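The values are calculated or read from the model by the stated rules, or taken from the named source; none is laboratory data. From a predicted model like this one, the values you see are computed outputs, not experimental measurements. FYI the Cβ positions are ideal-geometry reconstructions off the backbone, even for glycines, and counts take in every protein chain you see. In case anyone asks, the SASA skips ligands and DNA or RNA and just uses the protein heavy atoms, side chains included. Shrake-Rupley method; radii C 1.70, N 1.55, O 1.52, S 1.80 Å.
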Amino acid sequence: MPDLPTNPVDDRNAVPLASSEASEDALLSPAAVAAGTSGLTHEMTAGKPGRNAFRSNQVWSYFGPAFVASVAYIDPGNFATNILGGSQFGYRLLWVLLWSNVMAILIQYLSAKLGIVTGLTLPQNCRKHFSRRSSFLLWVCAEISAVATDMAEFLGAALGLDLLIGPALLAHGLTPTGSLLVSAAIATLAVFAILALDLAGFQWLERGIMAFVGVIGLCYGFEVFLVHPDWHRAFVATILPSFDLSSSVALKGSVYAAVGMLGATVMPHVIYLHSALVQPRLTELVPPPGAPKPGILQQYLRFELIDVFVAMNGAWLINSAMIVMAAVALFHGPSVSPTIQDAYHTLGPLLGKGAAVVFAVALLCSGLSSSTVGVMAGQVIIEGFLEIKFPIFLRRFITVVPALVVIALGWDPLKILIDSQVLLSFTLPAALIPLLLLTSRADVMRDFKSALRTRVAGWVTAGVIVALNAVLLAQIAFG
């Protein structure tokens, strides 16, 4: 993928708005969001032909960045944690997905906002505004999250493909490990092909990722249709937070699953990425070295808010469908931890061969698309923090090695997937806290700094994540 363009903003060109909090309140109001599809002033469109004119009546043309980011919320790590949560605790942990989604909407919007207003990615802003030591520590945490994410996502792609073609490979004499390695090699080539879509333009890659999201949604819509869930129980579990208090083992297991689901849903690497995904459209609107006027920025933010709201809620529905399917078809209580392969082989006899194939197709699409997004995030992280150029295809080649080692050693892929998601929840504050600090600073955001209510919501979100991690650490320490 070519280097993601940036558009540094010259503070001297900024035109003051009425006030930072008033401007954000107006931006986030329902009326403002609705107005985002209405016409713009002559100032925004005059003298800007073609794509440089803000297409105020074509909000759909600005859909894409949040959908690419949303893939990280329905990746194979989500499959693993949702299967674990649904099979062990039924509908009980659906509330975790609801509140994780609320957090995701806020976080992803703030990431996009930082990128739009400053013209720089989150890693670039960290390097610019924080000390060298702080930036280095943040880069280390970011790289850990990127490597853990990419390994989980690539493993998911390999597992999904192996479920589909593995039987044929085994029939030709390959061992299960050999079959999985062949599937991993094919998945590697497929991810390279998806990344190559960006060579035709960033919107082609966005459309490809959106197509994968659509396929995953259709697959799980089909699965839910087959299992006939108890919608009343699902609704109650969604709105009433609870853990399994039947025993200390069940409580520990439900907290572990909840933290894993949180780590799989609010992903640190995609916080870095979203601030970069909005850059191409910003550059098209106002080619460098020009600086966008506040009116253009505010309208772009409205459109991106709609993009985030639609994409994140779509991901939430898909995740909820995973839990519901597992709760109905795979529930066995806290003492049993089915693998992804177990889920596949259970769905066939229980719901028919079609259900098993659809499950594998969804997993494959999830793994391929999210692995692509993970590589993109890794490139944004290393280039932004270290200020170096790093070819994205080389990044893909390097990051595939840990996953191939895991497969060759015969380790349990589901265990690796779940543990990686818990690890992500621990590295999440290292991405979230800098984002909250930067978007609250007037010297960074100017008149677009976060309003008081946004700052409060952001720090509450960070507090919840840190508290859940502390509980999990205490359980591990004293368990």
Check: How long is the gain from Q203 to L437 if the chain were fully straight, where each residue apart is worth 0.36 nm and the alpha carbon distance is subtracted?
Finding: 81.2 nm
Checklist line | Hull volume in cubic angstrom per residue (convex hull over the Cα atoms of region 296-389) | finding: 166
Check: With the Cα gyration tensor of region 148-280 giving a ≥ b ≥ c as the square roots of its eigenvalues, does the rule (a/c under 1.5 for rounded; else a/b larger than b/c for prolate; else oblate) give rounded, prolate or oblate?
Finding: oblate
Margin query: Order K449, K113 by their accessible area, 1.4 angstrom probe, all chains in place, largest first.
Written below: K449, K113
Check: Which of the listed residues, G119, Y91, A152, is farthest toward the dipole's positive end in region 91-203, when Lys, Arg count +1 and Asp, Glu count -1 at the beta-carbon?
Finding: G119
Checklist line | Solvent exposure, largest accessible area first (probe 1.4 Å, DNA, RNA and ligands not counted), of S145, S247 | finding: S247, S145
Next item on the list: Grab the beta carbon distance between S335 and L218, set R0 = 22 Å, and tell me the FRET efficiency rounded to 0.05.
Entry: 0.05
Notebook entry, point to check: When the Karplus curve 6.51 cos²θ - 1.76 cosθ + 1.60 is applied with θ = phi - 60°, which whole-Hz ³J(HN,Hα) does each residue of region 357-365 get, with x for Gly and Pro?
Noted result: 5, 4, 4, 5, 5, 4, 5, 5, 4
Note to self: Between region 122-147 and region 311-356, what is the separation of their alpha carbon centroids in Å?
What the structure shows: 37
Margin query: Using a 1.4 Å probe on the protein heavy atoms only, what accessible surface does F397 show? Give it in Å² to the nearest 10.
Written below: 130
